Structure formats: structure tokens, C-alpha cells
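The values are calculated or read from the model by the stated rules, or taken from the named source; none is laboratory data. Here the structure is a predicted model, which is why all the values come from computation and not from measurement. FYI the Cβ positions are ideal-geometry reconstructions off the backbone, even for glycines, and counts take in every protein chain you see. Areas reflect the complete protein model, heavy atoms only, side chains present, ligands, DNA and RNA absent. Shrake-Rupley method; radii C 1.70, N 1.55, O 1.52, S 1.80 Å.
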Amino acid sequence: MCGIVGYIGDKQSAPVLVSGLRRLEYRGYDSAGLAVLDGKKLSVVRATGKLKNLEGRVATDPPQGKIGIGHTRWATHGRPSDENAHPHTYEGVAVVHNGIIENHLVLKEQLKAKGHAFSSETDSEVFAHLIAAEMKAGKRLVDAVRGAIRQVKGTYALVVVTEHEADRIVATKDSQPMVLGLSQAQNFVASDIPALLEHTRDVVFMEDGDLAVLTPEKVEIFDAANKAVTRAPRRIDWTPTMAEKGGHRHFMHKEIFEQPRAVADTLRGRVLRSEGTVHFEGWNFTPEQVQAFTKVTILACGTSYHSGMAGKWMIESLSRIPVEVELASEFRYRDPIVEKTHLAIAISQSGETLDTLAAMKEAKARGAATMTLCNVIGSAMTREADLTVLTNAGPEIGVASTKAFTTQLIGLYLLGVKLGRLRNHLTVQQAQEHLTHITEVPKLVEEALHSEAAVKKIARTYVNAQDFLFLGRGPMHSVAMEGALKLKEVSYIHAEGYAGGEMKHGPIALIDEKLPVVVVAPKEPKVSYEKIAGNIEEVRARGGQVIAVIDADDKHLTQLADHVITIPPSSALIAPIIATIPLQLLAYHVAEMRGNDVDQPRNLAKSVTVE
Ligand code: F6R
């Protein structure tokens, strides 16, 4: 989720690049940089932190040249720093990259053996080295880029300039967005439309495998088979704000719809299906240490706490290690019992939540091994933990957490499989079955998003409700809690999430004909499903309104509920991920219909760095 921009034309490129990056800052904001070509030589400026730091450096010493590339970074490999900021250069080649090179370690070793010296911790720098090596061997830039790409496993949007062919920009992509902007005597390339709107509304969306050669006068495109192709330009009539949100009205909506991509990025490079296990970069717990773990303690707040609740179900069933899920704010103040054989996992989107950070420090000080499941590399938790597993969801701008939750669930499922294999609780074959289910998630999430029209209708019906009750059992209890939290924080309607079995112990008193009750009831796990049908009957018998989230093939509950929202059927540990999607949409649409500020709900902050 980085932002890329490239310019070639009759103007000085640095100001064009900086203003383009400003429009892309929502894609990443931990460092930024430019490489400008003056027809002969490259000048590179990079700065850690927000774009204004780069702007300051550019203003003091503006790089001269009418060709340039720029980047705003969302770190995935290597912490945010000047060295890790893009562009990366090697022997007169400068690159900016968005995506992940899965085999970068192998490639780095091969290049080092040939005498290449690396100056960053990133995977992306590999591209500069590979292209430089190909050019040194006599290839033209276009062929050198193709040659580099053939060696890489992973995803990329890549833009390259070089001193050796100082009259062009080359851009190529696979599984990452890239758009070309066309104009008179100047052309542009960017990872997203907002960077272009100031200059042109005529754009061409590149397709996977396309390679584009940009000069001031023209843009040539070659497809994956290296055949020249014509891709028809499209006229964009978005306003700049609409463009930043990719055409969505709010970041929350955009982020809900980004989830197929986000969960795919959490999975990328981690599923080793043939070995029946999971690869986490930087995994540093020995098999003996894992065998010796007697307890996992999950520490988190809010939505991340809810993912921990589902994670308990996953890790216990996959590895048989007992798991406790603790509200971080409570754990740190109650003299917790922590042993050296405990693993404390801090779950956090931001990696900065004060209570979670302090709870993890407390567990560490008492001897536990620590790990963080986190979305922001370089954040306080990733610096503090013994091991970091990144969720790779990309920046989450909407205050209400959406894609962070589903990617955390994927991370926890993968972790459960890894621990299960290391403790010999899962056979290779069992692990492979789980990995098959996990790799289906992006497609299932995509299908679950089709529930939006049905959800919108229900939102319209209940937009003026005073209260909502959410029920779920087993792993769906956490989904009910998350559904209630999402609704209350963005719509300001009071909502409670409960375990279905607890209903008779109190909440049943709330039920009357005005109370909408959302029942999360996919068919898996069976043990929860059979019981939740009873809860539906109990609500109906008291006149309550049942909104059931059910599998698309569930004829039985369709008849029992007042409204149904269908999701694609899935396996027991996947179902919490899929069932969450319509509840995010419900919260979003109710809030939007009530005219609330969806992305910045009242009284809330994105990152809670105070107690
Ligand atoms: C809810 C929400 C909050 C966060 C909580 C923890 O939508 O966003 O409840 O989940 O503040 O934040 P992180 O995950 O950054 O530690």
C-alpha cells in the first residue's frame, strides 16, 4: 500500500511529484522520496516521516530535472528510515516499488555473491540491483526490467528511471494498481488517480503484465507477451476528495471493500502448502521453546480484543495450547500470573495503543516470550516484541477498524496452524486442509461483500432503532461483540454483543417488538449452529425482530428469521471472518443514513496513546 508517482514532460518534475505524493499520502506515510533525472544524472532526496519532511528537504535544495519518480511508503520490509525510503538506486538505476517480493532473501544472497552491496533492509532494493545487472550485461532498459521481473516472485507496481537511458520512464505492474495519465507534452504514472487529477483526467489503467514506456510525447504499452497494445484512455470526472477514497463516499466503506486484497496480502508468501506449514518472516521461537509453551495470553483493546477472542478458539483447537484473552487495560493493573513458559501476544492495528503496549511490557518483564500481531511496522509494539507478525492490511484511515480485524483473524489462524504443526498436534495433511480453507478467504470475502444491497435495506428499516442486540456462539460470539461495537461507534445506537447461551441469564428481559436482534448463525461450527437456532426461537416468541446472518444454502433459518443476510458457506474457523463483513456494512449504512461523520465518529481517536 505505497503511493507511486512518475512524471516526464516540459516542467521541473520535483514540484509535480511532491504535489502528487501529497494526494497519495493516505496510501502510506512513514517515509517518502524522489529521484529526479536532469537528462544525465540522478538526484535522490528521501526523508523519514510525513511528506512535509521531504518537502522541507526539497525546498532547501530542489533537485533539477524534467523526469522524475516519487514514492510515499507504507513499510512492510524494513522499518521506516531514510535508507529504507524509496527510490532505491544502484549503479545509475532508480526504482520505486509497491508490493512484496517474496523471494527477496534468496535474490539478495545471489546478488551479494556477485559483489552487490545493499544499502537498505527492503525487498524493493532488489529491483534496482537486478535491473542494473541486466543493463550491465548489455540489455536495454525495457528488456532489463522484463528480465528482473522474471526473477521475482511476488507482486509489484514498479517504476524505473536510469542515467543509462535518460529520456524515459518505464513502468510495469502485477497485482498492484497502476494508472497512466496522458497530457500534452507531458505524461504521468501513478498508483492511484488522485495524484493525476491536478494535471489530467485522461487515464489508462494498466493491466497485469503490462509494461509502459513514457516519454513527454507518447506512452507505449506492451502486454505480458511483449506485444504492443492499445489500451483505450478513460475520462475521469472525480473530484480530488472522491479520488482519494477511490470513488467511495468514506474511507470506512473503501476499507471494507479493500478486504479481499488486504486478506490476500496477509496470506502472501506465508502458506507453505506442500510442507503443510506456515512461514513467518523473522520467526525466532525455537521448536523446543514452542513445545514448552504452557499458555498463550492475548493482550488487546477494542476490535483487536475481539479478534483475540476468535483467536483463542483458533489457537486452542489447532495447537491445544490454552489461551487467555485479556483486556490490556485490566491485565496491567492486576498483578498477573506470568511464567517463563507463557507467550504473550499483543494484537494491535496501530502498534501504539498505550494499554496494549504497557501490558506487553509487563508480560515481558515477568519473563514471557512476546509477539505482536500488528499492522504498522516500526510502531512501538513491533520495536518492543520478540517477534512481529505483520497483518499487511495497508493504512487504515477510517477510525472504525474493519480490514484490521479480518487480517488479524487471518494472522491468528496462520499462527494456530504454525503452532499446531510445531507441537505435532496437527498432521501435515490436517494442516494442508486448513491452509486450503485459508487460501479461499479472499474469494469468500469478495462474495460476502455482495450482501451490501440486502444489508442496506435492513439498515433503512432499523435506522431509527434505539438499541440493538447481537448474538453469537463459539467463535461467532466475538463476531457479535464486534458487530455491536462497530454499530455503536459509528451510528451512536446503543448495542450489546452477547454469547447466545447467556441470553436467558438477563438480556432476554430486553426483548420486545421494537428490539432488532442480529443473530450470527453460519452453519459451521455445527455445535454453535444447532444451539443458536434455539436463541432465534426465543427472540421470536417474545416478539423481537430477528436479523439472521446465515449461510446462503440455509433453508431452515431463512424461515425462522424476519430478515436474512446471506454469506457464502465456509469452514468453522473461516466463518468468523466472513460473517463479520455484513456487520461492518450494517454499521456503515446505518451511520451514513443517520448523517454521522462515519470516518471520524464523535469522541473517538484512531490511535489511543493515552490511558
Ligand atoms: C474500533 C476501534 C478500536 C481499536 C482499539 C485498539 O473500531 O478501532 O476499538 O480497535 O482502540 O486499537 P489498536 O488495534 O490500534 O491497538
*asked:* So, for the chain, what is the accessible surface per residue at a probe of 1.4 Å, expressed in square angstrom?
replied: 38 Å²
*Given just the C-alpha atoms of the chain, how large is their convex hull per residue in cubic angstrom?*
159 Å³
*Compute the relative contact order of the chain as a whole-number percentage, counting only Cα pairs closer than 8 Å that sit 6 or more residues apart in sequence.*
11 percent
*For segment 253-258, take each phi angle, set θ = phi - 60°, evaluate the Karplus expression 6.51 cos²θ - 1.76 cosθ + 1.60, and give the result in whole Hz per residue in order, putting x for glycine and proline.*
5, 4, 5, 4, 7, 7
*Sequence-distant or interchain residues sharing an amide H contact under 5 Å with Arg473, placed H: which?*
Gly500
*Taking K and R as +1 and D and E as -1, what net charge do the other residues with C-beta under 12 Å from the C-beta of Ser307 add up to?*
+1
*How high is the relative contact order of segment 423-536, in percent, counting Cα pairs under 8 Å that sit 6 or more residues apart?*
26 percent
*Highest mean first, what order results for 311-322, 332-343 on Cβ atoms within 10 Å?*
311-322, 332-343
*asked:* Please list, ordered by chain and number, the residues whose modelled amide H lies under 5 Å from the amide H of Thr388; skip anything fewer than 5 residues away on the same chain.
replied: Thr372
*In nm, give the distance between the simple-model label positions of Lys514 and Ala365, each being 7 Å from the Cα along the Cα-to-Cβ direction.*
4.9 nm
_Net charge within 15 Å of Gly65 by Cβ-Cβ distance, Lys/Arg positive one each and Asp/Glu negative one each, not counting Gly65 itself?_
-1
_Order by protection proxy (mean Cβ within 10 Å, highest first), peptides 52-59, 434-441_ = 434-441, 52-59
*Find, to one decimal place in angstroms, the Kirkwood hydrodynamic radius of segment 447-593, where the mean of 1/r is taken over every pair of different Cα atoms and then inverted.*
14.6 Å
*Assign one of three labels to segment 349-493, namely rounded, prolate or oblate, based on the Cα gyration tensor with a ≥ b ≥ c the square roots of its eigenvalues; rounded applies when a/c is under 1.5, prolate when it is not and a/b is larger than b/c, and oblate otherwise.*
oblate
*Please state the charge dipole magnitude for the chain, taken about the Cα centre, from unit charges on C-beta atoms (+1 on K and R, -1 on D and E), reported in debye and rounded to the nearest 20.*
440 debye
*Over segment 447-593, with every protein chain in place, what whole percent of the accessible area is carbon and sulfur at 1.4 Å, could you tell me?*
51 percent
*How large are Rg and Dmax for segment 253-439 when only the alpha carbon atoms are used, in Å?*
15.3, 45
*Report the calculated FRET efficiency for Ala605 and Thr241 (r = Cβ-Cβ distance, R0 = 22 Å), to the nearest 0.05.*
0.50
*From the phi of every residue in segment 102-117, what ³J(HN,Hα) in whole Hz does the Karplus formula 6.51 cos²θ - 1.76 cosθ + 1.60 yield, where θ is phi - 60° and glycine or proline is x?*
5, 9, 5, 5, 4, 4, 4, 4, 4, 5, 4, 4, 8, x, 6, 10
_Additional length obtainable on full extension of the chain from Asn103 to Thr294, 0.36 nm per residue less Cα span_ = 65.3 nm
*Hey, what do the phi angles of segment 135-146 turn into as Karplus ³J(HN,Hα) couplings, whole Hz, using 6.51/-1.76/1.60 and θ = phi - 60°, x for Gly and Pro?*
5, 5, 7, x, 7, 6, 3, 4, 6, 5, 5, 4
*Cross-link list Lys112/Lys153; Lys173/Lys486; Lys112/Lys418; Lys218/Lys254: which exceed 24 angstrom alpha carbon to alpha carbon?*
Lys173/Lys486; Lys112/Lys418; Lys218/Lys254
_Just to verify a number: FRET efficiency for Ala224 and Asp597, C-beta to C-beta distance, R0 = 60 Å, to 0.05?_
0.85
_Where labels lie 7 Å past Cα in the beta-carbon direction, separation of Asp167 and Ala552 in nm_ = 5.4 nm
*Can you pull the semi-axes for segment 270-359, root of five times each eigenvalue of the Cα gyration tensor, sorted largest first, whole Å?*
24, 16, 13
*Note the per residue figure in Å³ for the convex hull of the C-alpha positions in segment 35-187.*
116 Å³
*Could you pull the Rg and Dmax for segment 1-118, using just the Cα atoms, both in Å?*
14.2, 42
*For q = 0.13, 0.16, 0.26 Å⁻¹, what log10 I(q)/I(0) does segment 63-142 give under the Debye formula with an equal point scatterer on each alpha carbon and no solvent?*
-0.40, -0.61, -1.38
*Mind giving me the nanometre distance, one decimal, between the label points for Glu207 and Lys112, set 7 Å out from Cα along Cα→Cβ?*
4.0 nm
_Quick check: at a probe of 1.4 Å, how many percent of the accessible area of segment 3-244 sits on carbon and sulfur atoms?_
49 percent
*Find the Rg to Rh ratio for segment 343-432, where Rh is the Kirkwood radius over alpha-carbon pairs and Rg uses the same atoms.*
1.02
*Calculated FRET efficiency for the pair Lys457/Arg540, C-beta based, R₀ 25 Å, to 0.05*: 0.80
_Mean Cβ count within 10 Å, highest first, over the residues of peptides 194-200, 273-279_ = 194-200, 273-279
*Which net charge results when you count Lys and Arg as +1 and Asp and Glu as -1 among the other residues whose beta-carbon is under 12 Å from that of His437?*
-1
*Where does the chain land at 222 nm, in deg cm²/dmol rounded to the nearest 500, when only DSSP H runs of n ≥ 4 count, each adding -39500 (n - 2.57), divided by all residues?*
-11500 deg cm²/dmol
